[in-house]
Amino acid sequence: MADILLELRHVHKRYGENVVLRDLDLTVRRGEVVVVIGPSGCGKSTLLRCVNALEDIQGGEVLLDGQPVRQEAKNISQMRQKIGMVFQSYDLFPHKTILENVLLAPLKVQKRQRPEAEAEALALLERVGLADRRDDYPRQLSGGQKQRVAIVRALMTHPEILLLDEITAALDPEMVHEVLEVVLDLAKNGSTMLIVTHEMAFARAIAHRVVFLENGEIVEESRDPKAFFTRPATERAQRFLRTFEY
Amino acid sequence: MQSLGIDVLFKGRNLLRLLGGLWVAVRISLISVALSIVLGLLIGVLMTGKSPVLRGVFRLYLETVRILPQMVLLFIVYFGTTRLFGWNLSAEVSAVFVFTFWGAAEMGDLVRGAILSIPSIQRESAQALGMTPRQVYGYVILPQTVRRLIPLSINLITRMIKTTSLVMMIGMVEVLKVAQQIIEANRRTSPNAAFGLFAVVFLLYFAICWPISRLAGYLEKRWA
Ligand SMILES: Nc1ncnc2c1ncn2[C@@H]1O[C@H](COP(=O)(O)OP(=O)(O)O)[C@@H](O)[C@H]1O
Ligand SMILES: [Mg+2]
């Protein structure tokens, strides 16, 4: 298919003897939102970290636009600019202001001109409601605000795909909404995303496709999230979803 | 004034001599501190590196420096090596060597700790933005390391300044030694000079170390 953006082929990842991803295949098409769910420790974070080669893999390959993403490759910096990532814990640079945080990659990595990059940064900060905090430091922001800035920072390199790793998991409940709102907005505008989340209602609302991961393997995959969340096909997915009922 | 023995200070060139002695102490500290910072940064970065051999060597070096009293090191370098290798080390060069040997080890350990205290998520999110290893260090790791380092290293600097009084043991005439000489020379006429002069020496050390400590406190607050 011509519109395949990201492709994982037979990806094998282990830490020592501990196999975390087994022969994993996954494709994400341009404009598609794929949500990965699964029990804690099943390899979701590892999966995302293999996509932008923060982790090395012991087998298989990761292709973005048909080009391999490899940790040791010369073009890894260029490839990573095309892959935006937001982590669970706050990863903003504490010694830089909000504006400096979001401008660092475009100015220093991509060598863009400041006026143009700054205009874009301010427009994006405005879009997430934080333009007036441009000169604050991360510690002056709430958790939800920090995550919104982290999303803007990831967007500033114009990535072709966004990886979101449980970006609301560390937030107080009242802040979850404001962050998910931003992600929903991105999806509406056609962003390609690979999302790991424990917010099942959010997953159901945003996903074009749901992937259920367990023990480093894709156990079930569904192009119909509504059907999946109502009635998953596999016993293991059923059991997992039941843990979210109270 | 007579009773405190401070008047001795204003006899002849005594005050000048005392300040000259202070300058000797400060000069040795400044040179040693500057060398320690440069070497310490290098050692600290290497100590966080991958080579277990290198890490083991620096560990051993650090432990040695910590176990040996500085005075023993001074004696070894000034009296020991000059005999052993037949070279001619001045007292000042020996002192700078010993204080740098000590300071670089301690500074290296501080740098190592500061680098390791930066969460790995900082490095990873910088990498995820497409930064090269050099950019990750330059824009993210080192600026945060230096901020954590400044208060700690200033503490080390004041300790070094105070420890320089040991150099009189290898015959250098620094501030404390000058004070002793003045007291000795005026033993008959001003028996109380010991109190006054040592009090002045105390104030001189204080005048140098206190602003440095304050600066550390200020930076600590500012970059918390
Ligand atoms: N740096 C690491 N070193 C060793 N094992 C790790 C490391 N990171 C993760 N693991 C292991 O890999 C497995 C998957 O972890 P992870 O991908 O974080 O799971 P999830 O994000 O689904 O909770 C776990 O068993 C975890 O213990
Ligand atoms: Mg995880």
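Go through segment B:46-83 and count every residue that is in contact with a Lys or Arg (Cβ under 8 Å, 6 or more places away or on another chain) and either of a type in the set (Val, Ile, Thr) or open to solvent by 80 Å² or more (accessible area, probe 1.4 Å) (or both).
Qualifying residue count for the region: 1.
Which of the residues spanning segment B:106-121 are open to solvent by 10 Å² or more (accessible area, probe 1.4 Å) and either over 27 Å from B:Leu60 (Cα atoms) or within 14 Å of chain A (Cβ to nearest Cβ) (or both)? Reasoning before the result, please.
Here is the first cut: in segment B:106-121, the residues open to solvent by 10 Å² or more (accessible area, probe 1.4 Å) are B:106, B:109-110, B:112-113, B:115-121.
Residues satisfying the conditions are B:Ser117, B:Ile118, B:Pro119, B:Ser120, B:Ile121.
Given the criterion over 24 Å from B:Arg13 (Cβ atoms) and either in a helix (DSSP H, G or I) or not small (Gly, Ala, Ser) (or both), identify the matching residue among B:Leu166, B:Leu204.
Exactly one of B:Leu166, B:Leu204 is over 24 Å from B:Arg13 (Cβ atoms) and either in a helix (DSSP H, G or I) or not small (Gly, Ala, Ser) (or both), namely B:Leu166.
Against the condition more than 21 Å from A:Asn52 (Cα to Cα), of a type outside the set (A, V, I, L, M), assigned to a helix (DSSP H, G or I) and open to solvent by 20 Å² or more (accessible area, probe 1.4 Å), how does A:Arg112 come out, does it pass?
no
Can you tell me which residues in segment A:160-180 are acidic (Asp, Glu) and either under 20 Å from A:Val51 (Cα atoms) or loosely packed, with under 14 Cβ neighbours inside 10 Å (or both)?
A:Glu160, A:Asp165, A:Glu166, A:Asp172, A:Glu174
Run down A:Gly38, A:Gly84, A:Gly43, A:Gly16 and say which single residue is within 16 Å of ligand 1 (Cβ to nearest atom) and in contact with a helix residue (DSSP H, G or I) (Cβ under 7 Å, 6 or more places away or on another chain).
Working: A:Gly84 fails: within 16 Å of ligand 1 (Cβ to nearest atom); A:Gly43 fails: in contact with a helix residue (DSSP H, G or I) (Cβ under 7 Å, 6 or more places away or on another chain); A:Gly16 fails: in contact with a helix residue (DSSP H, G or I) (Cβ under 7 Å, 6 or more places away or on another chain).
None of the other options fit; the residue is A:Gly38.
Just a yes or no: is a residue in segment A:155-164 in a loop (DSSP other than H, G, I, E, B), away from ligand 1 (no atom under 16 Å from the Cβ) and away from every other protein chain (no Cβ under 14 Å)?
No: segment A:155-164 contains no residue that is in a loop (DSSP other than H, G, I, E, B), away from ligand 1 (no atom under 16 Å from the Cβ) and away from every other protein chain (no Cβ under 14 Å).
Just to be sure I understand the filter: pairs with C-beta atoms under 6 Å, separated by 6 or more residues or on different chains, first member in segment A:31-50 and in contact (Cβ under 8 Å) with a residue 40 or more places away in the chain, second member near ligand 2 (Cβ under 9 Å from one of its atoms). Which pairs pass?
Close Cβ pairs satisfying both conditions: A:Val36/A:Lys44; A:Val36/A:Val196; A:Gly38/A:Lys44; A:Lys44/A:Val196; A:Ser45/A:Asp165; A:Leu48/A:Asp165.
Quick one: which residue in B:Arg55, B:Arg66 is more than 19 Å from B:Thr164 (Cα to Cα) and either part of a helix (DSSP H, G or I) or under 20 Å from the mean Cα position of the chain (by Cα) (or both)?
Working: B:Arg66 fails: more than 19 Å from B:Thr164 (Cα to Cα).
Unique residue meeting the criteria: B:Arg55.
Consider segment A:52-80. How many of its residues are at the interface with chain B (Cβ under 10 Å from one of its Cβ atoms) and either of a type in the set (A, V, I, L, M) or within 14 Å of the chain's Cα centre (by Cα) (or both)?
Total meeting the criteria: 6.
Among (1) charged (D, E, K, R); (2) within 12 Å of another protein chain (Cβ to nearest Cβ); (3) under 28 Å from A:Asn18 (Cα atoms), where does A:Lys44 come up short?
Unmet condition: (2).
Would you be able to tell me the number of residues in segment A:192-220 that are more than 16 Å from ligand 1 (Cβ to nearest atom) and in contact (Cβ under 8 Å) with a residue 40 or more places away in the chain?
So the count comes out to 6.
Restricting the search to segment B:133-176, which residues are within 14 Å of chain A (Cβ to nearest Cβ) and either among the basic types (Lys, Arg) or touching a His at 6+ places or on another chain (Cβ under 7 Å) (or both)?
Answer for segment B:133-176, where residues must be within 14 Å of chain A (Cβ to nearest Cβ) and either among the basic types (Lys, Arg) or touching a His at 6+ places or on another chain (Cβ under 7 Å) (or both): B:Arg134, B:Pro143, B:Gln144, B:Arg147, B:Arg148.
Could you tell me which residue of segment A:81-109 is nearest to the other protein chains (Cβ to nearest Cβ), considering only residues that are under 24 Å from A:Thr27 (Cβ atoms) and open to solvent by 20 Å² or more (accessible area, probe 1.4 Å)?
Among residues in segment A:81-109 that are under 24 Å from A:Thr27 (Cβ atoms) and open to solvent by 20 Å² or more (accessible area, probe 1.4 Å), the one nearest to the other protein chains (Cβ to nearest Cβ) is A:Gln81.
Picking from B:Gly103, B:Gly130, B:Gly86, which residue would you name as being surrounded by 14 or more Cβ atoms within 10 Å (Cβ to Cβ), more than 14 Å from chain A (Cβ to nearest Cβ) and among the small types (Gly, Ala, Ser)?
B:Gly103
Scan (1) at pLDDT 95 or above; (2) more than 29 Å from A:Asp3 (Cβ to Cβ) for the single condition A:Val182 breaks and write down its number.
Evaluating A:Val182 over (1) at pLDDT 95 or above; (2) more than 29 Å from A:Asp3 (Cβ to Cβ) leaves (2) as the failure.
So, A:Arg139, is that one more than 16 Å from ligand 2 (Cβ to nearest atom), within 14 Å of chain B (Cβ to nearest Cβ) and at pLDDT below 95 or not?
Details: more than 16 Å from ligand 2 (Cβ to nearest atom): yes; within 14 Å of chain B (Cβ to nearest Cβ): yes; at pLDDT below 95: yes.
The answer is yes for A:Arg139.
For every residue, the table says whether it meets (1) farther than 27 Å from B:Val146 by Cβ; (2) touching a residue at least 40 places away in the same chain (Cβ under 8 Å).
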| position | (1), (2) |
| --- | --- |
| B:Leu39 | no, yes |
| B:Val65 | no, yes |
| B:Gln70 | no, yes |
| B:Tyr78 | yes, yes |
| B:Thr81 | yes, no |
| B:Glu92 | yes, yes |
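Show the residue pairs meeting these rules: Cβ distance below 9 Å; 6+ apart or different chains; first residue within segment A:165-179 and more than 16 Å from ligand 2 (Cβ to nearest atom); second residue among the aromatic types (Phe, Trp, Tyr).
A:Val176/A:Phe202
Kindly indicate which of A:Ala233, A:Ala170 is small (Gly, Ala, Ser), in a loop (DSSP other than H, G, I, E, B) and away from chain B (no Cβ under 14 Å).
Step by step, each of A:Ala233, A:Ala170 is checked, and only A:Ala233 is small (Gly, Ala, Ser), in a loop (DSSP other than H, G, I, E, B) and away from chain B (no Cβ under 14 Å).
The values are calculated or read from the model by the stated rules, or taken from the named source; none is laboratory data. Keep in mind that what you see is a predicted model, and the values were worked out from it rather than measured. Neighbour counts run over all protein chains shown; Cβ positions are idealised from the backbone, glycine included. Side chains included, ligands, DNA and RNA excluded: accessible areas come from the protein's heavy atoms. Shrake-Rupley method; radii C 1.70, N 1.55, O 1.52, S 1.80 Å.
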